[in-house]
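**Student:** Can you keep this structure in mind? I'll have questions shortly.
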Protein chains: 2
Amino acid sequence: MGESSARPLRADAERSVRAILEAAERVLSEDPGASMEQIAAAAGVARTTIHRRFAHRQALVDALALSAARRLAQAVDDGRPDTAPPSVALHRITANVLEVKGAWTFALGVPTAPGSEAAAIHQEMAGHCLTVLERARAEGLIDASADLHWVRRVYYALLGESLHGDADDTGVDTDTLAARVVDTLLHGAGPRRA
Amino acid sequence: MGESSARPLRADAERSVRAILEAAERVLSEDPGASMEQIAAAAGVARTTIHRRFAHRQALVDALALSAARRLAQAVDDGRPDTAPPSVALHRITANVLEVKGAWTFALGVPTAPGSEAAAIHQEMAGHCLTVLERARAEGLIDASADLHWVRRVYYALLGESLHGDADDTGVDTDTLAARVVDTLLHGAGPRRA
DNA sequence: GCTATCTGCAACAGCGTTGATGCATATCAA
DNA sequence: TTGATATGCATCAACGCTGTTGCAGATAGC
């Protein structure tokens with residue numbers, strides 16, 4: 001439930017919706033207070049066309065958040081959080097998530113409404129995340145006494161930080177960034193044991 | 001340079017300015033798009049009074065950001081980043097910064113204009129931060145091959161994450177939070193050596 | 001080709017916010 | 001006390017954004 005309450009849109013209409021969502025992400029990530037007019041211009045579409053598909057501005061934002069949440073969930077699932085070896089899953093998921101999160105900064109930053117489908121997706125992803133961390137702990141990758149909820153928060157924070165891209169990072173391989181995130185999460189900045 | 005281009009304000013006027021800045025922080029941290037009217041109400045002041053002290057809305061925001069930057073700089077200095085033993089400085093600065101950052105979430109989140117005084121303060125703080133990290137590395141607290149710029153970014157991210165306060169944290173001692181931040185920064189989540 | 005759908009354009013009313021002004025009143029400081 | 005300063009209040013014009021509507025033309029789908 002989410003996209004189709006009426007019959008499917010015509011081909012061109014669906015193309016418009018996609019263009020609008022992508023343009024909205026592009027514009028709103030640079031200025032969260034941008035007007036519908038600006039979004040419409042970026043989408044190559046008249047403002048009224050946006051209002052035809054999304055009654056209120058909030059409806060557009062919600063749709064955007066939901067769309068991005070789905071992509072992110074897909075990125076997590078692709079990492080096989082339940083079956084792949086923890087270290088592998090951790091790395092793969094990190095790389096996948098970095099990719100998606102970088103492309104949907106605004107949409108994934110929108111606070112999800114308590115009962116919404118987007119919120120449910122995010123909760124489910126948090127669950128998957130904890131699963132991976134638990135499996136990692138069981139294998140000794142994470143300290144036995146660690147508070148996994150804190151670890152998860154740190155993980156999220158590191159993911160977010162990786163995306164700011166302080167000059168040096170521009171153009172760096174996603175896998176390299178992911179490796180750094182995972183390494184920092186597990187070992188911090190302290191001296192390495194021989 | 002910053003506060004006094006004309007002669008000092010009268011006592012009650014200065015009180016108003018303080019009330020306005022504090023109210024602005026309170027209101028804007030909950031809704032960055034809040035109107036001047038809402039801020040004025042929260043400050044117990046007429047909207048026109050705000051406009052008397054701050055010509056544009058942006059002027060108010062800038063003043064707020066500058067005020068908060070100064071407080072944060074003070075918090076850093078109080079930790080003696082140049083003279084105290086690195087581990088001590090790291091902990092003290094972290095605790096101090098957590099205190100200030102928690103109270104001025106919005107003001108410290110405002111993007112600082114390139115040439116502004118606030119930007120200069122933030123740059124100086126970044127410098128102090130790197131100094132502490134270098135001294136910590138010299139003492140072996142941080143790995144010799146570590147990229148201190150990345151470490152600093154991670155440190156900032158951990159500070160930010162500590163302030164979200166996921167239920168459990170509410171009412172927890174600042175020193176405890178600081179200890180967790182520093183510990184995570186240095187050791188990550190991996191298993192501890194005996 | 002025919003029809004239903006989609007789109008752009010233009011115009012509209014409504015709304016909230018901003019920033020400015022004048023004036024009467026309250027408060028501080030000397 | 002007295003003069004300068006600060007404040008509240010009412011009012012104003014201007015602006016931008018939102019959301020809606022009607023219509024004519026373009027496009028997709030059968």
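The values are calculated or read from the model by the stated rules, or taken from the named source; none is laboratory data. Nothing here was measured: the structure is a model prediction, and the numbers come from that model. Reconstructed Cβ throughout: ideal geometry from the backbone, glycine too, with neighbour counts over all protein chains shown. We work out accessible area using only protein heavy atoms, side chains counted, and drop any ligands, DNA or RNA first. Shrake-Rupley method; radii C 1.70, N 1.55, O 1.52, S 1.80 Å.
**Student:** A:A65: within 14 Å of DNA strand C (Cβ to nearest atom) and open to solvent by less than 30 Å² (accessible area, probe 1.4 Å), yes or no?
**Tutor:** It is false that A:A65 is within 14 Å of DNA strand C (Cβ to nearest atom) and open to solvent by less than 30 Å² (accessible area, probe 1.4 Å).
**Student:** Look through segment A:23-43, keep the residues that are among the charged types (D, E, K, R) and open to solvent by 50 Å² or more (accessible area, probe 1.4 Å), and return whichever of them is nearest to A:K101 (Cα to Cα). It would help to see each step written out before you state the result.
**Tutor:** So the first thing to find is which residues in segment A:23-43 are among the charged types (D, E, K, R), and the list is A:25-26, A:30-31, A:37.
With open to solvent by 50 Å² or more (accessible area, probe 1.4 Å) added as a condition, the list becomes A:26, A:30-31, A:37.
On the way: A:R26: 13, A:E30: 15, A:D31: 17, A:E37: 25 Å.
Among residues in segment A:23-43 that are among the charged types (D, E, K, R) and open to solvent by 50 Å² or more (accessible area, probe 1.4 Å), the one nearest to A:K101 (Cα to Cα) is A:R26.
**Student:** Within segment A:28-45, can you find the residues that are touching a residue at least 60 places away in the same chain (Cβ under 8 Å) and not hydrophobic (A, V, I, L, M, F, W, C)? Explain how you work it out, then say what you get.
**Tutor:** Narrowing segment A:28-45 to residues touching a residue at least 60 places away in the same chain (Cβ under 8 Å): A:28-29, A:32.
Of everything in segment A:28-45, those that are touching a residue at least 60 places away in the same chain (Cβ under 8 Å) and not hydrophobic (A, V, I, L, M, F, W, C) turn out to be A:S29, A:P32.
**Student:** For segment A:44-62: of the residues being hydrophobic (A, V, I, L, M, F, W, C) and crowded, with 17+ Cβ neighbours inside 10 Å, which is nearest to DNA strand C (Cβ to nearest atom)?
**Tutor:** Checked segment A:44-62; the qualifying residue nearest to DNA strand C (Cβ to nearest atom) is A:V45.
**Student:** Which ones in segment B:175-194 are more than 7 Å from every other protein chain (Cβ to nearest Cβ) and of a type in the set (V, I, T)?
**Tutor:** Matches in segment B:175-194: B:T176, B:V181, B:V182.
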